[in-house]
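The values are calculated or read from the model by the stated rules, or taken from the named source; none is laboratory data. Just so it is clear, the structure is predicted and the values come from calculations on it, not from any experiment. Cβ placement follows ideal geometry from the backbone for every residue including glycine, while neighbour counts extend to all protein chains displayed.
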Amino acid sequence: MKDGRDVVRIVGAGPSGALLAILLQRQGLRVELYDARPDPRSVREASGRSINLALADRGIHALRAAGVFEQIASALMPMRGRCVHAADGTTSLQPYGRRPQEVIYSISRLRLSQALLRVAARSPGISMHFNHRLEDVSFAERHATVRDLASGNLLQLPMQPLLACDGAGSRVRHRMAELGHIEVREAGLDHGYKELSIPADADGRHRLDPQALHIWPRGDHMLIALPNDDGSFTATLFLPMHGAVSFAALGDSAGVEGFLRANFGDVVESMPDRLAEFATHPVGGLGTVYAAGWHAAGAVLIGDAAHAIVPFHGQGMNCCFEDCIDFAARIPRHTSWEVLFADFYAARKPNTDAIAAMALENYLEMRARVAEPRFQLQQSLALELYNRHPRRFIPRYAMVMFHHEICYLTAQRRGAVQSRLLEDLTRGANSLTEVDFARAARQIERELAPLTPEA
Ligand SMILES: Cc1cc2nc3c(=O)[nH]c(=O)nc-3n(C[C@H](O)[C@H](O)[C@H](O)COP(=O)(O)OP(=O)(O)OC[C@H]3O[C@@H](n4cnc5c(N)ncnc54)[C@H](O)[C@@H]3O)c2cc1C
């Protein structure tokens, strides 16, 4: 870069900042990484207290590129499909794909973070500064002010450049918006979440199938559970904030207990700490950040800071990792940070908008549609068509989760065509035997060009 190449400052050492630091160091850059929190490498995870994430192909591809995947591979819990728990207590497994590699993985957020930071710490040229909080940004003077929380001292960092990976509540984004450099819309969802735990049984084993993501769809709300490698599950309750059935309406512990028993009767006894957790765990907010413009005078937003999304596709972090790969790949092609920032935004924005929309759609799918026979038939048909036409008909979920080489925007556009075909082909049908596969083949040939080499 002609406009200041040697030291890159990254604010935020979460998944985006930590991965980006490693990828940039590999491009020969020196990196200073700042985070307001204490160093997560010194934190020990209490058994059964893990907060986990779904990791899919886009994230794995990025972690491999950074040499981090091998460090976490042994801690991954493969999930082969959704195990849907109906209100009457019956369960059914809806597979995510047809091929052995078409699985997603549950991983402890803390362990992933620790692995990223350990690799970063071993990389010469990366210096890490925890307990350092970014307080302000001056775009006119091109510096950021960071407070060392241990000493209280203020540091001024030149923005040559400043990469803001400071998450959904990004201070840098707020300053860019306040000063009119970018336009931001934060669309909150009127649903929140609360994390609960399903500890291992007395023999240390999982109480539910550990190879599935469990869902209790209940129309306007749902419970999900992802496995951990210590025999426990982390469950998350998603519920409206206000209204007749909502966090606000639950009331005291008797109200909570009654709600859990009425809605999730088959698992409630497997959550012995439910009432204590309900009382102490906060209700988290959810929403989507839409920012028109991600950069201003030497600073750029990356990851959740630029485009936080709702968690219902399990893609937020995967998408952030894809940002990092894209950003790092542009470094050798540019001599100016400003031009790089503009190109990065132009390439990523349509894709992050696409996954933001698909993530919102997936909430309805998870909390309601998975329980509908018609949706289940369409899912089975989608997998069958994928089998028969693997280069043309790849279910949207598979495009998003298992094919990093297919961008989000393409997945969204082809997904819309496929959804119309599925509607059309299942009209009046009750099972796959009633589907006209010859007509399906003709429509697919006509409407869906071949996409990837046959697997
Ligand atoms: C309930 C829930 C479930 C989710 N499940 C999944 C999932 O299954 N799969 C998936 O891919 N994604 C999931 N996500 C999304 C995922 O958590 C985020 O996309 C991801 O953490 C974003 O990474 P980030 O590094 O951009 O931001 P963050 O993880 O928010 O990290 C930001 C970092 O910046 C630091 N920071 C913030 N402000 C400052 C400041 N002023 N100064 C210095 N440092 C600062 C913070 O301390 C933090 O370390 C989920 C999100 C939620 C809420």
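Checked against the criterion of being over 26 Å from ALA398 (Cα atoms) and among the hydrophobic types (A, V, I, L, M, F, W, C), the candidates VAL68, VAL43, VAL84 yield just one match: VAL43.
Suppose we filter the stretch 362-382 for residues that are within 26 Å of the chain's Cα centre (by Cα) and either among the polar types (S, T, N, Q) or at pLDDT 95 or above (or both); how many remain?
Residues meeting the conditions: 6.
Go through (1) more than 23 Å from the chain's Cα centre (by Cα); (2) over 17 Å from CYS165 (Cα atoms) one by one and return the number of the condition TRP337 breaks. It is condition (2) that TRP337 fails. In the stretch 228-247, of all residues being touching a residue at least 60 places away in the same chain (Cβ under 8 Å) and within 14 Å of the ligand (Cβ to nearest atom), the one that is surrounded by the most Cβ atoms within 10 Å (Cβ to Cβ) corresponds to ASN228.
Meeting the requirement of 2 or more residues that are of a type outside the set (A, V, I, L, M, F, W, C), the strands (runs of 3 or more DSSP E) wholly within the stretch 1-119 are 30-34, 81-85, 91-95, 104-108. Given the structure, is HIS221 farther than 22 Å from LEU208 by Cα and touching a helix residue (DSSP H, G or I) at 6+ places or on another chain (Cβ under 8 Å)? For HIS221, the condition - farther than 22 Å from LEU208 by Cα and touching a helix residue (DSSP H, G or I) at 6+ places or on another chain (Cβ under 8 Å) - is not met. Take the conditions at positive phi, away from the ligand (no atom under 13 Å from the Cβ) and not in a strand (DSSP E or B) and apply them to GLY152. Does it pass? Answer is yes for this residue.
Within the stretch 256-280, the residues that satisfy the criterion of being among the hydrophobic types (A, V, I, L, M, F, W, C) and either part of a helix (DSSP H, G or I) or over 17 Å from PRO227 (Cα atoms) (or both) are VAL256, PHE259, LEU260, ALA262, PHE264, VAL268, LEU275, ALA276, PHE278, ALA279. Restricting attention to the stretch 195-215, the residues that are out of contact with any Ser or Thr (no Cβ under 7 Å at 6 or more places or on another chain) and within 16 Å of the ligand (Cβ to nearest atom) total 5.
The set of residues from the stretch 43-65 being closer than 30 Å to PRO158 by Cβ and within 14 Å of the ligand (Cβ to nearest atom) comprises just one member, ALA62. Consider GLY180 carefully, then state whether it is within 13 Å of the ligand (Cβ to nearest atom) and either crowded, with 18+ Cβ neighbours inside 10 Å or not in a strand (DSSP E or B) (or both). For GLY180, the condition - within 13 Å of the ligand (Cβ to nearest atom) and either crowded, with 18+ Cβ neighbours inside 10 Å or not in a strand (DSSP E or B) (or both) - is not met.
Where helices (runs of 4 or more DSSP H) fall wholly inside the stretch 292-403, the ranges with 3 or more residues that are within 16 Å of the ligand (Cβ to nearest atom), under 28 Å from LEU189 (Cβ atoms) and in contact with a Pro (Cβ under 8 Å, 6 or more places away or on another chain) are 316-330, 337-367. Beta carbons closer than 7 Å, at least 6 apart along the sequence or on distinct chains, pair a first residue in the stretch 347-362 that is surrounded by fewer than 17 Cβ atoms within 10 Å (Cβ to Cβ) with a second that is part of a helix (DSSP H, G or I) for ALA347/ASP326; PRO350/LEU409; ALA357/GLN412.
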